[in-house]
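Undergrad: Here it is, the structure, as C-alpha cells.
The values are calculated or read from the model by the stated rules, or taken from the named source; none is laboratory data. Everything numeric here is computed off the predicted structure, so don't read it as measured data. Reconstructed Cβ throughout: ideal geometry from the backbone, glycine too, with neighbour counts over all protein chains shown.
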Amino acid sequence: MEILGMNLEFSDNKKMNQYFHRFAGQLSDWYCRDKAPELASQDTRFVLELQKEKIRALGLNMQVQIRKSAARDSAPFSCSYCDSVFVNSGVSGNKLINTIIRDSQKELYSKSAESVVAAIMQYPKEGSVPAPDTAFSCPHCGAPSTLGKLESGCEFCGTKFLMSELYPKVMYYSIEEGYQSKSEIHRYLKCSGAAALLMLIIFMVIRITEGSGFQVSDIAACIIGGPFLGAMMWIFVKIFSTFFQMGKDLRGAGKTGASLRFCREMRKLDPNFSTEYFRDKSFSLLKIMLYSRNPQELTVCRCAKPVPEKLREIVDATYCNSGVNKYSIKDGVCDVSLTFYIDSIHYCGGRIRNKSDKIRMSLRKVIKKPTDLGFSVSSVTCPSCGGSFDAEKVKDCPFCGNPYPLIENDWVVTDISMG
C-alpha cells in the first residue's frame, strides 16, 4: 500500500509485541551475561560486538539491565515500510533501564531511568518468499551463508533452519529516556524540604537579631509555608527544565526543509527509499564509527581524514534527532551530509560524563537499483564469483580477490566530525 509516497504495510501488533519483549530480554542478557541476542540481525550484533570490544579495551565493564516498567507499555506501531519482499515494522514499549559502568577498581557510573525502547523488526511479506540465494548469516555460528543453504543445513555448523525460525530479526533498536512522573514527585518533595529549611534559617536569624527566642508559631509557619514555597520553586524548576528539554528536542528543526527535499528526490530515483529506513541506517553507521576501535579499517568507512579523538571517547550513544545539511545527486552518485544530535556517555581521564553532542557525518551511495531491505553487510554475495562472505570484516572477496562494490548496495561513510 502506498501512502504519501511511502510503501506501507500493517503488522500483527500482538505478535510483534511478543517478539519485542523477547528481544528486550535478550538485549539485557547480552550486556549482563554475554549471551548474543538471537533476534538481532548480524549487522545489529556487529554493532553490539564493536561496542563491547571498545568498552573492554578501555578497561571498563558496562551492564545494562532492561526490566519491566512500572508504567504501562506504549502500543507498538502498526505502520511499516516495505519493498517487494520484506516488511520492516517499528515496535516500542516502556522499560526500566539500569546502566552501570565499572572499571577494575570501582563503580564509575550508575543510572536507573524509565525509558522507551524501540526496535525495527524485519520479516517477509505475506505471500512472498525470499529467494534461496538471499544472503543471510547463520544465526547459530554467524557464518555468512544464504537462506537456501541454511534450510538445507549450514555448511559450517550443520544447523538447519525453517524460514519461520530465521524471521523476524531486529534490524535496528534505540533507547530513549522517557518522562518519569516519580522523579517529579521526588523533585517536589526536595523543593518543599529545601523551602522549609530555608524558612527555618530565616526565622532563626530574625529571632537572634531581635534577641527573642524561637517560637512554636515559627515551626508551624515552616511546616505550612514550606510546601507552598516548595510548590513555587518546583514550578520554576519545571518551567526551566521544560524549556531546556524543548530546546533539546528542537535541535535540527531548521534542517527539516533540506531533509524533506532530499527524501523527495531520493524517492524519485529509488521507489523503495524510506525516510525511516534511511534514518535508522544512518544512525547505525554512526554507531559503527563511534564504537569501532579502528574506524579507518571498517569496510563502510571511506574517510580521508581520521576520526577525531573526541568521538573516540564515546562509549554509548542515544539518538535524539538528525537532519540533512546538504546533498547532491550527480551521475548516479548521491552524497549527503547529515547532523546528528545525540545524548552520549563519554569516558575520558578515568571519568564518565554525560554530554549532548552534535556530530556531522557524510554518506555516499551509487543509486543503481532500488533499496534492498534484506541487504546485510555481514553476509554478501560476490558479483564476480558468487561466493558468500562477511563484508564487515574484509573489503575484498576471499574467493576471487575482487573488491566488493559495497557503495552500490549500501551507504558508506566519507567523513565524520564533531559539529
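Undergrad: Tell me, please, whether a residue that is touching a strand residue (DSSP E or B) at 6+ places or on another chain (Cβ under 6 Å) and crowded, with 20+ Cβ neighbours inside 10 Å can be found in segment 100-111.
TA: yes
Undergrad: Of all residues in segment 149-204, how many are within 30 Å of N94 (Cβ to Cβ), at pLDDT below 85 and not small (G, A, S)?
TA: 14
Undergrad: Condition (residue is part of a strand (DSSP E or B), touching a Phe, Trp or Tyr at 6+ places or on another chain (Cβ under 7 Å) and aromatic (F, W, Y)) applied to segment 343-355: is it met by at least one residue?
TA: Scanning segment 343-355 turns up no residue that is part of a strand (DSSP E or B), touching a Phe, Trp or Tyr at 6+ places or on another chain (Cβ under 7 Å) and aromatic (F, W, Y).
Undergrad: For segment 31-49, enumerate the residues that are closer than 14 Å to P168 by Cα and among the β-branched types (V, I, T).
TA: T44
Undergrad: Which members of segment 134-164 meet the condition of being over 21 Å from D372 (Cα atoms) and assigned to a helix (DSSP H, G or I)?
TA: E151, S152
Undergrad: I'm checking my understanding of the structure. Among residues of segment 341-352 that are in contact (Cβ under 8 Å) with a residue 60 or more places away in the chain and crowded, with 16+ Cβ neighbours inside 10 Å, which one is farthest from M62 (Cα to Cα)?
TA: Once the filter is applied, the top-ranked residue is Y341.
Undergrad: Please enumerate the residues belonging to segment 367-386 that are crowded, with 16+ Cβ neighbours inside 10 Å and either in a strand (DSSP E or B) or free of Cβ contacts under 8 Å to residues at least 60 places away in the same chain (or both).
TA: S376, S379, V380, T381, C382, listed by residue number.
Undergrad: While we're looking at this one, here's another question. Filter segment 150-170 for residues that are within 18 Å of Q18 (Cβ to Cβ) and touching a residue at least 24 places away in the same chain (Cβ under 8 Å) and give the result.
TA: E165, L166, Y167, P168, K169, V170
Undergrad: Report the residue count in segment 268-293 for those that are of a type in the set (S, T, N, Q) and modelled with pLDDT of 90 or more.
TA: 3
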